[in-house]
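Notes for the one structure printed next.
The values are calculated or read from the model by the stated rules, or taken from the named source; none is laboratory data. Only a predicted model underlies this, so the values are computations on that prediction, with no experimental measurement involved. Ideal geometry is used to build each Cβ from the backbone, glycine not excepted, and the neighbour counts take in all protein chains shown. In case anyone asks, the SASA skips ligands and DNA or RNA and just uses the protein heavy atoms, side chains included. Shrake-Rupley method; radii C 1.70, N 1.55, O 1.52, S 1.80 Å.
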Amino acid sequence: MSGYFDLIPLEPFGYSKAGLPSFPYLEPSQVLLLEALEEHTFGTVTDLSARGGAVALTLASKGAKVVVSDSSAAALSCLAQTGLPIGIFDNADCVIAILNGERGNARVQQIMLEAWRCTKAGGVAFLAGDKDKGFDRYIKEAGKLFGETEIIARGKGYRVARLEKTNLETPNPLEPMRFEMTARGQTLKAVAYAGTFASGKLDAASSLLLEHLPSGAGRKVLDIGAGYGVLSGFLALEGATVTLLEDDALSVQSSVDTLAANGLTGTVLHSDVDSALGLKEKFDLIVMNPPFHVGRDMRLDVALEFIAAAQRHAAKTCEVYLVANHFLPYEAPMSKLGRLETVVNAKGFKVLKVQVA
Ligand SMILES: C[S@@+](CC[C@H](N)C(=O)[O-])C[C@H]1O[C@@H](n2cnc3c(N)ncnc32)[C@H](O)[C@@H]1O
């Protein structure tokens, strides 16, 4: 049986791993991109949604000079294994990206702007996505940005569009959201870049967790899947020393900026669960609101690894707090860490606590 961090080789190229959409298979958007690009030849290519490298390696095998990028730390661990250079050609002949809508419209807009920025004048972008996740609407917008659009492949509800950069008018950049929230008798200034979880508001589950967490004063806190840093932010305002782990690069930047906006310090790591955290690092308060979707599927493998990571990083005496939708089955894995208590079950959510001692 493979472990959470194992890379699964894909045929003929690339990898998948837990935490990537469609794991352990290739994403349907990538399958269609491979079909659509078969007849093309390229000079320089930037793949902005490279995932486990399948499309990028295929193009490299045909002689293209390819660099890869992805916002997910899990994807970057696959890409590191491919040997492909990680980065962005700013003036690429060709740019590839997936617009899957799962992090919302603002994230898609951000990816389209980045695709436009790094495509050279007269160059082409190939954008893939799911019709049921707003692709036709996104491509209309991308068409206005680039100038010319054509759908070149269709299959099983997925699409690939070819866009030529004929419009050279620089679009306005997307600014992060800045907002304030009050909890625990304090006000936190938050900064959230496009597509960060619950941008612009305090999520209902996170709010319930904040109502029940102990004071952060004097505590060494680990926040797994930190988003824009709301849980750590409030605990740091009370005097906690905070370490934040987050898979998504723009969410990492959001957490960094949230702490800075409040004059707080902390360690923010771009990390697939705890992959970026030294094994010897231990904490006496661990908090999490784990994701239970990967791509379009409900999947608990990431959440279960959050709980396993809590066990790896619990100090001899430690409290682990988790908030989740009431129906998610976290009691059994949580109780492996120590004495389990349901702190509250309300408004469709539950807060579970384990006392490790
Ligand atoms: C439900 S959100 C909670 C965010 C934040 N803690 C809050 O309460 O607002 C879950 C977070 O886990 C992050 N995440 C998803 N997969 C992850 C992984 N493999 N490693 C680390 N973080 C991950 C998501 O990007 C998201 O920010």
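General observations
- The set of residues from segment 267-284 being on the phi < 0 side of the Ramachandran plot and within 14 Å of the ligand (Cβ to nearest atom) comprises V268, L269, H270, S271, D272, D274, S275, A276, L277.
- If the condition is being of a type in the set (A, V, I, L, M, F, W, C) and in contact (Cβ under 8 Å) with a residue 40 or more places away in the chain, then segment 219-236 contributes V221, L222, I224, A226, V230, L231, F234, L235.
Let's see how each residue does on (1) touching a residue at least 40 places away in the same chain (Cβ under 8 Å); (2) among the hydroxyl-bearing types (S, T, Y):
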position: N105; (1), (2): no, no
position: I111; (1), (2): yes, no
position: W116; (1), (2): yes, no
position: T119; (1), (2): yes, yes
position: V124; (1), (2): yes, no
position: G129; (1), (2): yes, no
position: K133; (1), (2): yes, no
position: G143; (1), (2): no, no
position: G147; (1), (2): no, no
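So that you can scan it fast, the table gives a plain yes or no per residue for (1) in contact with a strand residue (DSSP E or B) (Cβ under 7 Å, 6 or more places away or on another chain); (2) surrounded by fewer than 16 Cβ atoms within 10 Å (Cβ to Cβ); (3) among the aliphatic types (A, V, I, L, M):
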{"position": "V45", "(1), (2), (3)": "yes, no, yes"}
{"position": "V67", "(1), (2), (3)": "yes, no, yes"}
{"position": "A74", "(1), (2), (3)": "no, no, yes"}
{"position": "G83", "(1), (2), (3)": "no, yes, no"}
{"position": "I111", "(1), (2), (3)": "yes, no, yes"}
{"position": "T119", "(1), (2), (3)": "yes, no, no"}
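- Residue count for segment 131-150, restricted to those that are touching a helix residue (DSSP H, G or I) at 6+ places or on another chain (Cβ under 7 Å), surrounded by fewer than 22 Cβ atoms within 10 Å (Cβ to Cβ) and within 21 Å of E35 (Cβ to Cβ): 1
- Residue within segment 214-233 that is more than 24 Å from H293 (Cα to Cα), in contact with a Pro (Cβ under 8 Å, 6 or more places away or on another chain) and either within 9 Å of the ligand (Cβ to nearest atom) or open to solvent by 10 Å² or more (accessible area, probe 1.4 Å) (or both) present: no
- Test: A194 is part of a loop (DSSP other than H, G, I, E, B) and open to solvent by less than 60 Å² (accessible area, probe 1.4 Å): yes
- Each residue in segment 79-105 was checked for being part of a helix (DSSP H, G or I) and more than 14 Å from the chain's Cα centre (by Cα), and 5 of them qualify.
- Residue among T265, T241, T317 that is in contact with a helix residue (DSSP H, G or I) (Cβ under 8 Å, 6 or more places away or on another chain) and open to solvent by 70 Å² or more (accessible area, probe 1.4 Å): T265
- No other residue among S251, S215 is in a helix (DSSP H, G or I), of a type in the set (S, T, N, Q) and modelled with pLDDT of 95 or more apart from S251.
- Picking from residues in segment 299-357 that are more than 26 Å from the chain's Cα centre (by Cα) and in a loop (DSSP other than H, G, I, E, B), the one that is nearest to the ligand (Cβ to nearest atom) is K347.
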